[in-house]
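> Before I ask anything, let me first share the structure, which is written out below as structure tokens.
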Amino acid sequence: METTKLKLYGYWRSSAAYRVRIAMNLKSLDAEHISVHLVKGGGEQHHEAYTDLNAQELVPSLVIEQADKEVVLTQSLAILEYLDEAYPQVSLLPAQMFDKSIVRAMALLIACEVHPLNNLKVLQYLSGELKVDNDCKQAWYHHWLNQGFTALEKQLEQHSGDFCFGDSPTLADICLVPQVYNAKRFELDMSPYPNIERINAHCLTLPAFISAVPENQADAS
Ligand SMILES: N[C@@H](CCC(=O)N[C@@H](CS)C(=O)NCC(=O)O)C(=O)O
């Protein structure tokens, strides 16, 4: 079998990189972790050494080294789908077609509707160019989280078991846990979201999720 080496460019507090770490752990994959500090020196994601890899100046990027080629993947959801196809022994999606779509919808709700509005560059733009004060920035952050979590909570009432969809971890949990980490960091009241809280707490009893937690990363400061 062809030898493959994986290099994950991420940052301990990046929720998009956190997603990839969880998936790799669930699939028992080893990777070299390379830290791209998102704040130091104006943000290493903007430095040429990194923008050559990722023109969007965002983490994560996954570099796949094989004997005859090197491929760079970007966008965490695209990386997760690659990992799921390349390493199918532990699947991140349910077996049935409609169920797959439901799980993807939950993951996309977080990754496309909530996360981009609360990303570092958006918060920096609010406080920098638009001169928004911290209270307004916090209100912005909570608004988009509440909107997304309210919708997700309803979906979980219908589909969840121990995890977002049934009793196995999927792409939905992989997106949820980092987003809840962010929500708690920004002091969101989680009491309206009992299913989200319950599933997050359950995930965080599992080694694959625990070792992906930001504070457990080598670059955590
Ligand atoms: N949709 C992208 C989002 C990636 C992203 O926003 N990464 C953040 C960290 S979670 C980042 O690199 N931010 C740097 C910045 O905003 O300058 C993905 O899922 O990979």
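> Can you work out which of the residues in the stretch 116-143 that are farther than 18 Å from V39 by Cβ and within 14 Å of the ligand (Cβ to nearest atom) is surrounded by the fewest Cβ atoms within 10 Å (Cβ to Cβ)?
Going through the qualifying residues, I end up with P116.
> Taking interchain pairs and intrachain pairs at least six residues apart, which have beta carbon atoms under 6 angstrom, with the first residue in the stretch 81-100 and within 18 Å of I64 (Cβ to Cβ) and the second assigned to a helix (DSSP H, G or I) and not small (G, A, S)?
L92/D84; L92/L171
> Please indicate, with yes or no, whether at least one residue in the stretch 56-77 is among the basic types (K, R) and either touching a residue at least 60 places away in the same chain (Cβ under 8 Å) or under 30 Å from N146 (Cβ atoms) (or both). Write out each step before concluding.
Start the filter on the stretch 56-77 by keeping residues that are among the basic types (K, R), which leaves 69.
Now restrict to residues that are either touching a residue at least 60 places away in the same chain (Cβ under 8 Å) or under 30 Å from N146 (Cβ atoms) (or both): none.
No, the stretch 56-77 contains no residue that is among the basic types (K, R) and either touching a residue at least 60 places away in the same chain (Cβ under 8 Å) or under 30 Å from N146 (Cβ atoms) (or both).
> Within the stretch 198-221, track down each residue that is of a type in the set (G, A, S), outside any helix (DSSP H, G or I) and touching a helix residue (DSSP H, G or I) at 6+ places or on another chain (Cβ under 9 Å).
S211, A212, A220
> Pairs please, first residue from the stretch 13-37 and at positive phi, second anywhere and of a type outside the set (V, I, T), Cβ atoms under 9 Å, 6+ apart in sequence or on different chains.
So the pair list comes out as S28/Y87; S28/Q89; S28/A208.
> Right, another one. Could you tell me how many of the residues in the stretch 145-197 are over 23 Å from R21 (Cβ atoms) and in a loop (DSSP other than H, G, I, E, B)?
Going through the stretch 145-197 one residue at a time, the tally reaches 6.
> With R198, R185 as the choices, which residue is more than 26 Å from I34 (Cα to Cα) and of a type in the set (K, R)?
So the residue among R198, R185 that is more than 26 Å from I34 (Cα to Cα) and of a type in the set (K, R) is R198.
> Of the residues K137, K131, which single one is among the charged types (D, E, K, R) and in a loop (DSSP other than H, G, I, E, B)?
Working: K137 fails: in a loop (DSSP other than H, G, I, E, B).
After applying the criteria, what remains is K131.
Read the figures in this text as sums done on the coordinates, not as results from a lab. All values reported here derive from a predicted model rather than from experimental measurement. Please note: Cβ atoms are built from the backbone with ideal geometry, for glycine as well, and neighbour counts cover all protein chains shown.
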